[in-house]
Amino acid sequence: MEKIKLGGSSLEASRIILGCMRIADMGDPALASHVNRAIESGINLFDHADIYGAGECERKFSKVLASEVDREDILIQSKCGIRHAGGSNRKENPYYDLSRGYILESVDGILERLGTDYLDLLMLHRPDALMEPEEIAEAFDRLHDSGKVRHFGLSNFHATQFDFVQKHTDHKLITNQVQFGVGAPHMVNSRMQANTPFEGAGDRDGGLLDHSRMNDVTLQAWSPFHYGYFEGIIMDDPKYKTLNDVLEDIGHSHGLTKNAVAVAWILRHPANMQTIIGTTDTSRLEDIAKAGDVTLTREEWYRIYKAAGHILP
Ligand SMILES: NC(=O)c1ccc[n+]([C@@H]2O[C@H](COP(=O)([O-])OP(=O)(O)OC[C@H]3O[C@@H](n4cnc5c(N)ncnc54)[C@H](OP(=O)(O)O)[C@@H]3O)[C@@H](O)[C@H]2O)c1
């Protein structure tokens with residue numbers, strides 16, 4: 001699988017990332033084998049967040065780090081900034097906190113749970129309406145100078161918010177982790193339906209796709225199989241029958257599963273995005289990883305896009 005340098009930095013990572021949001025309930029041997037198969041398939045980057053499984057996902061992953069893989073052989077990224085009123089193990093009443101103190105405290109918690117001295121990449125999970133970019137910059141300096149974090153990025157940030165944070169820190173922000181997939185392609189809809197009355201013309205993210213390419217920021221596409229905001233997955237959903245038929249047909253000609261074609265669709269975009277898959281099924285993971293070796297044609301890309309019900313003016 002191809003590796004790319006994230007956001008023009010020295011950090012060289014696989015185009016497919018294994019997301020660890022759903023690993024809390026996996027048994028230790030199953031997770032160890034899952035991670036090992038991911039590595040054998042060419043994946044070298046693992047995505048976490050302090051809130052995944054209320055910290056349990058990072059704790060589970062620490063056992064893999066302790067016994068299965070050499071820390072220096074893989075890259076680990078995590079995210080912070082979402083809190084829950086009443087304690088970090090409660091899912092209800094979320095709020096956002098990108099204060100200096102909370103970022104520093106969160107990273108200490110992440111490192112302790114993972115059982116590692118450093119993160120290759122820290123991302124701020126969601127923009128906080130009350131954020132002060134000077135405080136974020138101070139936190140980044142402290143984390144970098146102490147060796148706890150090597151690189152920084154953002155997640156779910158609008159283009160101008162991204163610039164706002166970047167303006168205050170000397171650390172190049174190398175990634176923006178955002179929702180993108182054939183079931184949620186707002187970033188491309190708004191570019192292709194520009195200046196039309198169609199619903200897709202709405203620019204929800206300030207032209208993030210163009211912004212990222214112009215500023216050498218790597219986009220990481222999360223939940224590649226979802227449609228809407230966690231409404232469901234496109235695979236085998238009767239609402240997406242035409243899309244499933246087309247994915248199957250194109251997959252047949254490339255020797256790929258429907259999941260893998262949906263990932264190849266994201267990877268085909270010249271923005272050179274990464275895709276974060278969240279499967280806990282090891283054979284599904286191995287099949288999806290094959291997408292990293294296939295380049296869809298332009299005609300196939302548009303056929304998939306239209307089969308998902310998106311229009312071209
Ligand atoms: N920055 C953010 O705000 C943000 C938000 C959400 C997620 N993320 C990151 O993105 C990663 C991926 O997110 P995700 O797990 O929601 O994305 P996903 O890979 O689109 O979805 C995975 C889910 O879909 C199921 N699935 C996939 N293909 C299937 C099929 N053919 N048939 C039945 N079920 C199927 C998986 O079940 P199986 O386990 O059975 O395969 C799993 O439950 C997360 O782990 C996390 O690291 C980031």
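Some values worked out for this structure:
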item	result
Alpha-carbon Rg with Dmax, taken over the chain, Å	19.0, 56
Magnitude of the charge dipole, region 1-108, Cβ model with Lys/Arg +1 and Asp/Glu -1, debye to 20	280 debye
Listed residues Leu312, Gly53, Gly228: farthest to the positive end of the dipole of the chain (Cβ charges)	Leu312
Within region 98-120: backbone nitrogen closer than 17 Å to the Glu132 label point (7 Å, Cα to C-beta)	98-105
Heavy atoms of Leu209: accessible area, 1.4 Å probe, square angstrom to 10	10 Å²
Where only C-alpha atoms are counted, convex hull volume of region 168-313 per residue in Å³	131 Å³
Size of charge dipole - region 84-185 - debye, nearest 20, with Cβ of Lys, Arg +1 and Asp, Glu -1, no other charges	380 debye
Restricting region 165-246 to chymotrypsin sites (Phe, Trp or Tyr not before Pro) in coil, as DSSP defines it, with at most 13 other Cβ within 10 Å	Tyr229, Phe230
Label-point separation in nm, Asp237 to Lys167, each point 7 Å along Cα→Cβ	3.8 nm
Alpha-carbon centroid distance for the pair region 1-43 / region 110-178, whole angstrom	21 Å
Percent of alpha-carbon pairs separated by more than 12 Å within region 158-201	69 percent
Carbon plus sulfur fraction of accessible area for the chain, probe 1.4 Å, in percent	47 percent
Beta bridges per DSSP with both ends in the chain, % antiparallel, nearest 5	25 percent
Principal axis dimensions, region 4-51 - Cα atoms, whole angstrom, descending	37, 27, 12
Around Arg142: net Lys/Arg minus Asp/Glu count, Cβ-Cβ under 9 Å	-1
Probe 1.4 Å, accessible area per residue of region 1-141, Å²	42 Å²
Mean ellipticity per residue at 222 nm, deg cm²/dmol - from DSSP H runs of n ≥ 4 across the chain, formula -39500 (n - 2.57)	-11500 deg cm²/dmol
Cα lying deepest toward the dipole's positive end in the chain, options Gly27, His125, Ala184, charges on Cβ	Ala184
Surface accessible to a 1.4 Å probe, per residue, for the residues of region 194-313, Å²	49 Å²
Listed peptides 48-56, 108-116, 298-306 by packing density, highest first (mean Cβ within 10 Å)	48-56, 108-116, 298-306
Modelled FRET efficiency - R0 22 Å, His84 with Phe230, Cβ distances, 0.05 increments	0.80
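The values are calculated or read from the model by the stated rules, or taken from the named source; none is laboratory data. Computed from a predicted model, the values in this text were never measured in an experiment. Don't worry about glycine lacking a Cβ; one is built from the backbone with ideal geometry, like all the others, and counts go over all protein chains shown. Areas reflect the complete protein model, heavy atoms only, side chains present, ligands, DNA and RNA absent. Shrake-Rupley method; radii C 1.70, N 1.55, O 1.52, S 1.80 Å.
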